[in-house]
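For reference, the structure is listed below as C-alpha cells.
The values are calculated or read from the model by the stated rules, or taken from the named source; none is laboratory data. What you are looking at is a predicted structure, and each value in this text was computed from that prediction instead of being measured. Ideal geometry is used to build each Cβ from the backbone, glycine not excepted, and the neighbour counts take in all protein chains shown.
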Amino acid sequence: MNYPVWYLPGTGGSLLIAIIAIIHVVIAHFAVGGGLFLVLTEHKAYRTKDSALLNYVKSHTWFFLLLTMVMGGVTGVGIWFIIALVHPAATSFLIHQFVFAWAIEWVFFIAEIVALLIYHYRFGKMSRRNHLIMGWLYFIFAWLSLFVINGILAFMLTPGRWLETGNFWHGLFNPGFLPTLIFRTAIAAIIAGVFGLITALFKKDKALRQTIMKWCAGWMYIPLAILALSALYYTVVIDAEALANILHFNPESIIFRKIIVYTSIILFGLGLFTLIRFPRKLQGVTVTLLVTITFVWMGGFEYLREIARKPYVIYETLYSNGIRPGEIEDINASGFLAAARWSRIKEVTDENFSEAGGEIFRLQCLSCHTENNYNGVKNKVELMTERGIEAQLTGMGKINTYMPPFAGTSTEKKALAAWLYRELLGKEAEVPQQVVIPELSHKVPPFDPLDDDYVLLLWNDIGMKCISDNDKILAFLPPANTLNAQLIQRASKPVIIPDGYTLSWETEEQHRNPQDHTRFWEYDSLVYGKDLPVATGLTGSQMSGEMVSVNGLWVADRIPIMPYRDDGVYNPYPLITVTARNPEGNVVARTSAVAPVSTGMGCRNCHGGGWSWNNVSGLADKTALNILRVHDKYSGTTLLEDAEKGVPRLCQECHADPIVGRQGNPEILNFSSSIHGFHANYLTGMYQESCNLCHPSEPAGATNCMRGRHADFLDCTSCHGTIEDHALALLKGEAQLKKAGRLAASLKPVSVTTWEEINPRTPWLMEPDCRGCHTNFNIAVDGFEGSAYNRWAPGATALYRNRTDNQGMMCAACHGSPHAIYGAYNIYDPMRDNIQPLQYQGLAGTIGTHESCRVCHTIDMVTSGHHRNQVNRLYEAVLQYE
Amino acid sequence: MDPVIPSPDIIPVHWLWFQILLLVTFILHLIMMNLILGGTLLALWDKVVNRKESNYAGTLPVILALTINLGVPPLLFVQVLYGHLFYSASVTQAVPWILVIPALILGYYGSYIYVSKRNKSPQLAMTGLAVSALLILYTGFMLVNNSTLTLVPERFAMHLNNPGGWNLNIGEPSLWPRYLHFITSAIAIAALGIAIHAKFAFKDDPSKADMIIKSSLRRFAWFTLAQFIFGTLFWLSTPKEVWMIFMGGNMTATILMVTSWLLSASMVYTAFRGRLNITLFHALLVLIMMVIMREYMRFAYLRDIFSPSHLENKDELWPLLVFLILFIAGLGAIYYMIRLATSKNNES
C-alpha cells in the first residue's frame, strides 16, 4: 500500500526471509547458549584440572567466534535488510515503535563483541579469574541482547496492553515476553550442546572426545523440560485465534507441526548416541545429522510462530501485506488501486481488467505468495472457477482467519479473480450458461361446473425439490418429490373427502425411468442404508401408485422422479396426474400438477467441475470431490479419502436435517446452518445473486424455480433475507455450538441492524411467515409494509405448506405450491403451474378468486368463511396469464 | 505529495535527538569503515607491490566486526528519520542491495583467511584478501547507491517499470564521484590508522614505528590531496541547488566547507611534516565537519519533498533515557573489559 513491492514471482520474499532467518536464529541462539557453554566448560576444565578440556574450550572459542560473530552478526543485519525489502511497512513500524529497544540491543551487542574478542584473543593471556569474568560478561551481554530482541519478537504476536495504550514498555514487556524468553533461553542451551559436538569431533583423544560429548548431551537434555513447560506456558498467553490457527485452521501449520514432532524425536533420540563410544567417523555422521536437524527443528518453531501470527505481521495492527485493519473499510469504498501509492494502474476498466487484477496481486498478495512456487497461489485456485476465486477472496479473513481480508472494491475483486483464472491458470473467461429452454405443453383436464361433483386439488409440498444427484461421491438431497391432494365433494357446503376413495398418481411417460439417469439406486445402500428396487423412492413410492390419506390429506410420499426425460430433454417440471375414484371405482375427478424437481445445484459455479448431465444440470464428480477436499481441509474429515475408496457419505449423517429426516450429530451444526453459515462468509453482499449461485433460482438458468406470483416483484431475499441474514438466523438457532459463533463472527446482518435483533430459527420447521406481509390476510392492494424475514412461522404446523384455513382446506390447495403460488409463470410452459385454477375456474389465480366460489360451492358465497379478507378480492394480476 | 513517496511513521521523541544520534554514530561507523576499506586496499596494494607490510593487517577482521557493529545505529537512526524514503530506495534496488549480506559474510571470512593463512599459505591469503577487498568495495558501492537514491524520490518511479529489484542509481551524476570520494578518504584515513597502529605496536622499536608513521602519513597526505580533486568533483556533480548551499546558499554549510578546506590544507602540511598527533586531530575535525555537511546536503536534496522536522512525535522520553543510561553503562563496561584484558593482574 504505502511501499513498493519487490516483485518476486518465483521465490517470494517470505522464502528469502525464512532462509536468512533460520540460519540467523540458530546461530543467534548458539551465540547466547554457547557463551554460557564456554564459560562453564572453562570452569569445569579448571575444576577438574583438565588442560585438554581447556584446549578444547580455546578451539571451540575460535569456532564460536567465526560462526557467531561473522555469520550470526551479518545474518542478523541480513534479516533487517530482507524484512525491509519484503515487509517495509512492518519494518518501519517496528523500527519507529522500538527504536530505543533496538538501540539498547545494539549497546549489548557491541559489549558482547568486545567481550568475545577479548575472550578469544586473550585466551591464555589473562588470569583465570579475569578470563572467566570476561566469559561471564560475554554471556550476560549476549543474553541481554536476546532479552530485548525477544520482547520485540514476542510483541509481534502478543502485543497485549500495547494495543490500547501504544506504550513502549507495554509493547516490549508483552504477555508473550516471559514464556518466550524462557523458551528461547532453553533452546539456546540445547543448541550450545549440539554445536559443542562439532569441535569435539576434531579431538583425536577418544577419552576427551567422550568427556565432551557427555557434557554436551547434558546441555541438550537438561533444558528440554524447561523448553516443554515454557512452550505450554506460551500457548496460554497467545490469542485463542492464533492458537486455533496453528492447531486447526491453517493447513500450512500441519507440515510444521509434523516437522517439530519428527525433528524433536530425531534430535533427542539421536542425541543419545553421543553418550556411546562410537568410532569417530560414525560420530561425525551423527553430529552432522544433529546439526542439520537443529536447523530444521528451529525452522519448524519459527514457521509455526509465523503461522500463529497470520494474517498479521504485527498482531491486530498490521496485516502481512502491509495494510492496517483500520484501512480496509476506506479501501473497500475508494478502491485499492487508487489508494496504493505504487500502482501503475489506478482504476479497473474493461480494457485493463485482467492486467489490473495482476497489479492487485503484485501489490496485495506477493508479500506472502508467489505465483506458482513457494506458497504459490496457482495450486490453491486451480480447482476453482473464476466465480469461485472471487468467492474465496470475499471469504478471506473470515473463516480462514489466517488470511487478511481482501482490500478493494467488488470490481477490483473480480479483476483479481479474472487475472488468477485467466492469466495465471490460463483458462478461458467464463461465459454465462446459455440454456435453451424447450417449449413444453400441457393439457388442462376437463371440468364441467354443472355436472362434475368433485374438485381435486393437487400440489407439490415445497414448490421445488432439489436433488444432489451425485451419490457416488457425496449426497445430501435424494430424489423425493411429495405431492399432496385434497378431494372436495361440491355442495352448498362442500365436503372434504378424507378417505374411502382411491387417488392414484402417474408420472409423465418420459419420466418413468429415473434409474437410467441417476446413480441413486447404485449407492442407496451405502448412502441411505436401504437397498431399494429401481425407480423406487425411500418410502417405497414409484412412478405410479396410490396416494395415502394422512389426517384427511392425500399424500404421494417422496416419488423418486428426476428432471431428466428419457429423450434427453431436461424438464424440471414433469407433470403428475392424479385420478380420484369413488369406492365403487368410478372416476370422479382427475387433475395434473407439476412435480418440480431440479438437479441444478450450483456448486459447480465456484467449485468447478461443470454440470454432470448434458452440460445442463447435475452435480459432477469433479465438483463433488472438490467440495469434499474443502470440507476435509476445514473440518479435519476424511471424506475425500472415503469417497475415493468407494464409500460416499450422506452429509446428513453428521449434519441434522429435518427435510431428510436425519438427527445427525448434535455436537455439530445442522445441515442448513452449516452450509449457509459457511457459504455466507464467501458470498457476502450479493443479495439475490448469492441465492442463484447455489439454488436453481437463476432467472437465466435451466430451472428458474421462482414461478409464483411473488416472483414479479419479490426475490428470495424478500422473505428469507440475504444469505447473511439467512445464515445468522440459522446459526443463532444453534448458538450453543462453538462452530456457530465462528461462522457467524464475520457476518453482518442486512435486514436488521444487530445480531441481537435476529430471531433464531430451525431449518424447514420454522420458515418465513406469510403474515409478515399479509397481516390480517390483506394483499398488496390493501397496502402493507414489512418483510417475512425474521418473522418465522412458530412451528411445523404453522407453516404455509402444513397450514389449513378455518374449513380444513390447506393453504397450498387453493394458493398453490410454495414458490409457485397462483398465478404462476413457468419458463418451460407459461401456465404449467396453474393447471387447476385454469381447469376449475378458467383463471390462473387463487382457487375461488374473482368470486369463483362456485368451484366448490354450489351457491354464491358472501362471507369470508375460509379466512379473513377472503371475498371480493379482485386482483388484476391473475388475469395476465390467461 | 508525490504519489510514490510513502507516508512516514510517527517518531517517539523530537527529531533532533535522532539527528544527533545519527551524526555521532555515523562518525564512529565512518572511521571504522575507512579503516577497513582503506586498510584492506592498502594491505592488498602492499602485497601486490611486495612491500613489507606492518602487522596492522592482522587487525582487519576485528575492524570489520566493529565496522558492521557500528553500522547498526546509524542505519537504525537514518531509518527513523528517513525510513519511508530509504525502504523505497532499497526495494527499488532490492537484488543488489540484499547481495550486500552474502558479500559481507564472504568478505569477512576472506579477511579471516588472510589473517590466519598469510604465513602458511600466502596465495590463499592473497586470494582471501582480494576477495575481501572486492566485496567490501561492492558493499560500499551499494551503500552509495542506496543513499543517493534515497535523496531523489522522483527516481523511485524506475521501480514501476522494473519491479524485480534489479535497478541501480547509475543515472545519478554524483554517484561515481561520491564513491571515489569515499574510497580515497578511506585510504587516507586507513593510512592514518596504520600510523597510529605502528605507534602502539612498535613501542619497543621506535625507529620502525617512526618509519611506518612517516610513510603512512605521506600516503595520507597524497590521498588527501587527491580528495581536493575527487571531493570537488563530487561537490559539483550534485544539483546546483545543492552545491550552492556551500557557496553562500546556507551560511553554516558554507562556513563548514571553507573551514574544512583550510583544515585539510593544513593537515596535508602536517602530514608531510610527519606530525601524527596534530594530523590526527585535524583529520577528526575534518571528518566530523564532512559528516555534518553530508546532512546539510541531504536537507538540500530533499528540501521540496521532506524534512525530518515535519515528523510527528509521541514525546515518549523514558525509553530514550533508559537507552542513554545503558549506552553510558555500556561504554563503562567496554572500558572495564579493556582494562581487564590489559590488566597487570593477568600476569598472576
Review point. Mind checking whether some residue in region A:84-97 is within 11 Å of chain B (Cβ to nearest Cβ), outside any helix (DSSP H, G or I) and touching a Gly at 6+ places or on another chain (Cβ under 7 Å)?
Key: yes
Exercise for review: Kindly list, by first and then second residue, each pair from a residue in region A:411-422 that is surrounded by fewer than 22 Cβ atoms within 10 Å (Cβ to Cβ) and modelled with pLDDT of 95 or more to a residue that is small (Gly, Ala, Ser) and not in a helix (DSSP H, G or I), limited to pairs with Cβ atoms under 6 Å and residues at least 6 apart or on different chains.
Suggested key: A:ARG422/A:ALA429
Exercise for review: Kindly indicate whether A:VAL25 is in contact with an Asp or Glu (Cβ under 8 Å, 6 or more places away or on another chain), surrounded by 23 or more Cβ atoms within 10 Å (Cβ to Cβ) and more than 14 Å from chain B (Cβ to nearest Cβ).
Suggested key: yes
Check your understanding: Quick check, is A:LEU65 at pLDDT 95 or above, in a helix (DSSP H, G or I), more than 48 Å from the chain's Cα centre (by Cα) and at the interface with another protein chain (Cβ under 10 Å from one of its Cβ atoms)?
Key -> yes
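Quick one: which residue in A:THR263, A:THR286, A:THR349 is out of contact with any helix residue (DSSP H, G or I) (no Cβ under 7 Å at 6 or more places or on another chain) and among the β-branched types (Val, Ile, Thr)?
A:THR349
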Practice item. For A:PHE37, indicate whether it is among the aromatic types (Phe, Trp, Tyr), within 14 Å of another protein chain (Cβ to nearest Cβ), farther than 29 Å from B:SER132 by Cα and touching a helix residue (DSSP H, G or I) at 6+ places or on another chain (Cβ under 6 Å). Key: no
Revision key, fill the gap. By residue number, the members of region B:156-176 that are touching a residue at least 60 places away in the same chain (Cβ under 8 Å) and either within 14 Å of chain A (Cβ to nearest Cβ) or closer than 15 Å to B:TYR301 by Cβ (or both) are B:PHE156, B:ALA157, B:MET158, B:HIS159, B:LEU160, B:GLY164, B:GLY165, B:TRP166, B:ASN167, B:ASN169, B:PRO173, B:SER174
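The rows are residues; the columns are (1) at the interface with chain A (Cβ under 10 Å from one of its Cβ atoms); (2) in a loop (DSSP other than H, G, I, E, B); (3) of a type in the set (A, V, I, L, M); (4) surrounded by 14 or more Cβ atoms within 10 Å (Cβ to Cβ).
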position: B:SER309; (1), (2), (3), (4): no, no, no, no
position: B:ASP315; (1), (2), (3), (4): no, yes, no, no
position: B:LEU320; (1), (2), (3), (4): yes, no, yes, yes
position: B:PHE323; (1), (2), (3), (4): yes, no, no, yes
position: B:LEU326; (1), (2), (3), (4): yes, no, yes, yes
position: B:GLY330; (1), (2), (3), (4): yes, no, no, yes
position: B:ILE338; (1), (2), (3), (4): yes, no, yes, no
position: B:ALA341; (1), (2), (3), (4): yes, no, yes, yes
Review point. Is at least one residue of region B:156-175 over 16 Å from the mean Cα position of the chain (by Cα) and more than 16 Å from B:ALA89 (Cβ to Cβ)?
Key: yes
Point to revise | Close pairs from region A:134-159: first within 13 Å of chain B (Cβ to nearest Cβ), partner surrounded by 22 or more Cβ atoms within 10 Å (Cβ to Cβ) and not in a helix (DSSP H, G or I), Cβ under 6 Å, at least 6 apart | key: A:ILE152/A:PHE98
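Could you please give the count of residues in region A:183-231 that are among the β-branched types (Val, Ile, Thr) and either within 28 Å of A:ARG305 (Cα to Cα) or in contact with a strand residue (DSSP E or B) (Cβ under 8 Å, 6 or more places away or on another chain) (or both)? Please lay out each step first, then the result.
Here is the first cut: in region A:183-231, the residues among the β-branched types (Val, Ile, Thr) are A:185, A:187, A:190-191, A:194, A:198-199, A:211-212, A:222, A:226.
Going one step further and asking which of them are either within 28 Å of A:ARG305 (Cα to Cα) or in contact with a strand residue (DSSP E or B) (Cβ under 8 Å, 6 or more places away or on another chain) (or both), we end up with A:185, A:187, A:190-191, A:194, A:222, A:226.
Summing the residues that are among the β-branched types (Val, Ile, Thr) and either within 28 Å of A:ARG305 (Cα to Cα) or in contact with a strand residue (DSSP E or B) (Cβ under 8 Å, 6 or more places away or on another chain) (or both) in region A:183-231 gives 7.
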Point to revise | Any hit, region B:128-146, residues being away from every other protein chain (no Cβ under 13 Å), under 17 Å from A:LEU85 (Cα atoms) and assigned to a helix (DSSP H, G or I) | key: yes
Practice item. For residues that are buried (at least 24 other Cβ atoms within 10 Å of the Cβ), among the small types (Gly, Ala, Ser) and more than 7 Å from chain A (Cβ to nearest Cβ), tally how many sit in region B:71-94. Key: 1
Study note, to complete from the structure: The number of residues in region A:255-271 that are of a type in the set (Val, Ile, Thr) and under 13 Å from A:LEU224 (Cβ atoms) is 1
Check your understanding: Of these, A:ARG649, A:ARG604, A:ARG662, which one is more than 20 Å from A:LEU538 (Cα to Cα) and basic (Lys, Arg)?
Key -> A:ARG604
Check your understanding: Would you call B:GLY107 touching a Ser or Thr at 6+ places or on another chain (Cβ under 6 Å) and of a type outside the set (S, T, N, Q)?
Key -> yes
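Residue-wise test of (1) in a helix (DSSP H, G or I); (2) within 12 Å of chain A (Cβ to nearest Cβ); (3) buried (at least 17 other Cβ atoms within 10 Å of the Cβ).
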site: B:VAL4; (1), (2), (3): no, yes, yes
site: B:LEU21; (1), (2), (3): yes, yes, yes
site: B:ILE27; (1), (2), (3): yes, no, yes
site: B:LEU30; (1), (2), (3): yes, no, yes
site: B:ILE36; (1), (2), (3): yes, no, yes
site: B:ALA43; (1), (2), (3): yes, no, yes
Check your understanding: Do the conditions hold for A:THR349, that is, is it surrounded by fewer than 18 Cβ atoms within 10 Å (Cβ to Cβ), out of contact with any Pro (no Cβ under 7 Å at 6 or more places or on another chain) and hydroxyl-bearing (Ser, Thr, Tyr)?
Key -> yes
Point to revise | Which listed residue, of A:GLY73, A:GLY78, A:GLY33, A:GLY10, is in contact (Cβ under 8 Å) with a residue 40 or more places away in the chain and touching a strand residue (DSSP E or B) at 6+ places or on another chain (Cβ under 9 Å) | key: A:GLY10
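Identify, please: which residue in region A:109-133 is within 7 Å of chain B (Cβ to nearest Cβ) and in contact with a Ser or Thr (Cβ under 7 Å, 6 or more places away or on another chain) and is, among those, surrounded by the most Cβ atoms within 10 Å (Cβ to Cβ)?
Let us first name the residues in region A:109-133 that are within 7 Å of chain B (Cβ to nearest Cβ), namely A:109-111, A:113-115, A:117-118, A:122, A:125-127, A:130, A:133.
Remaining after also requiring in contact with a Ser or Thr (Cβ under 7 Å, 6 or more places away or on another chain): A:109, A:127, A:130.
Values: A:PHE109: 24, A:SER127: 15, A:ASN130: 20.
That would be A:PHE109.
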Review point. Before we move on, is B:ILE68 in a helix (DSSP H, G or I), more than 10 Å from chain A (Cβ to nearest Cβ) and either closer than 17 Å to B:MET32 by Cβ or touching a Lys or Arg at 6+ places or on another chain (Cβ under 9 Å) (or both)?
Key: no
Check your understanding: Out of curiosity, is B:ILE288 β-branched (Val, Ile, Thr) and over 30 Å from A:PHE108 (Cβ atoms)?
Key -> no
Revision key, fill the gap. Filtering helices (runs of 4 or more DSSP H) wholly in region A:116-214 for at least 3 residues that are of a type in the set (Gly, Ala, Ser) and over 16 Å from A:GLN97 (Cβ atoms) gives A:128-157, A:177-201
Review point. In this structure, does A:CYS856 turn out to be crowded, with 18+ Cβ neighbours inside 10 Å, closer than 25 Å to A:ASP448 by Cβ, in contact with a Lys or Arg (Cβ under 6 Å, 6 or more places away or on another chain) and not β-branched (Val, Ile, Thr)?
Key: yes
**Study point:** Selection count, region B:12-67, where residues are in contact (Cβ under 8 Å) with a residue 12 or more places away in the chain, β-branched (Val, Ile, Thr) and out of contact with any helix residue (DSSP H, G or I) (no Cβ under 6 Å at 6 or more places or on another chain)
**Key:** 2
Practice item. Can you confirm whether region B:169-177 contains a residue that is surrounded by fewer than 18 Cβ atoms within 10 Å (Cβ to Cβ), at pLDDT 95 or above and not hydrophobic (A, V, I, L, M, F, W, C)? Key: yes
